[in-house]
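Written below as structure tokens is the structure these notes are about.
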Amino acid sequence: KGQRYCFIAAIIDADHAIPEELQSNEQKAGLLMDTLDIIEGGKKQTKDYHGMFDHAYFVGWMGRLLQALKDRNISNTIIVMDNAKYHEKLPEDVPKSSTKKQLYKKHVE
């Protein structure tokens, strides 16, 4: 039960439209180094890695991932994620189910 570290990074597949022997390093399968983060757990460590991240961190990291894909002219991409709560958070101004009808009308108008 020592120090906990968590790694997060994107891994891409090779560009199969280009023959393997003609692929540049950016067209080969591998780790996108500009998306790699190594996070050291705090004093109160959680049982799994989900407690080491929050929605703000995830949004920032996803922005870096999208930029890394854009920089490499990678499009038509499938991004696979788990079902962590911080992936699903809605913006603060989205009405909740407990919001009064009048407030809903305000958002529509």
Quiz prompt | Every pair of residues 6+ apart whose Cβ atoms lie under 8 Å, when the first sits in segment 50-64 and is farther than 15 Å from ILE38 by Cα and modelled with pLDDT under 85 while the second is open to solvent by 60 Å² or more (accessible area, probe 1.4 Å) and not in a helix (DSSP H, G or I) | solution = HIS55/LYS89
Exercise. Please indicate, with yes or no, whether at least one residue in segment 10-29 is surrounded by 11 or more Cβ atoms within 10 Å (Cβ to Cβ) and at pLDDT below 80.
Key: yes
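How many residues, within segment 66-85, are more than 14 Å from GLN27 (Cα to Cα) and open to solvent by 70 Å² or more (accessible area, probe 1.4 Å)? Break it down into steps so the answer makes sense when it comes.
Taking segment 66-85 and keeping what is more than 14 Å from GLN27 (Cα to Cα), we get 66-67, 76, 78-85.
If we keep only those that are open to solvent by 70 Å² or more (accessible area, probe 1.4 Å) too, we end up with 66-67, 76, 78-81, 83, 85.
Qualifying residue count, segment 66-85: 9.
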Self-check item: The one condition in (1) surrounded by 12 or more Cβ atoms within 10 Å (Cβ to Cβ); (2) modelled with pLDDT under 80 that LYS47 fails to fulfil
Solution: (1)
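The values are calculated or read from the model by the stated rules, or taken from the named source; none is laboratory data. All values reported here derive from a predicted model rather than from experimental measurement. Here the Cβ is made from the backbone with ideal geometry for all residues, glycine too, and neighbour counts use every protein chain on show. The protein model used for the area step is the full one, side chains on, heavy atoms only, and it has no ligands, DNA or RNA in it. Shrake-Rupley method; radii C 1.70, N 1.55, O 1.52, S 1.80 Å.
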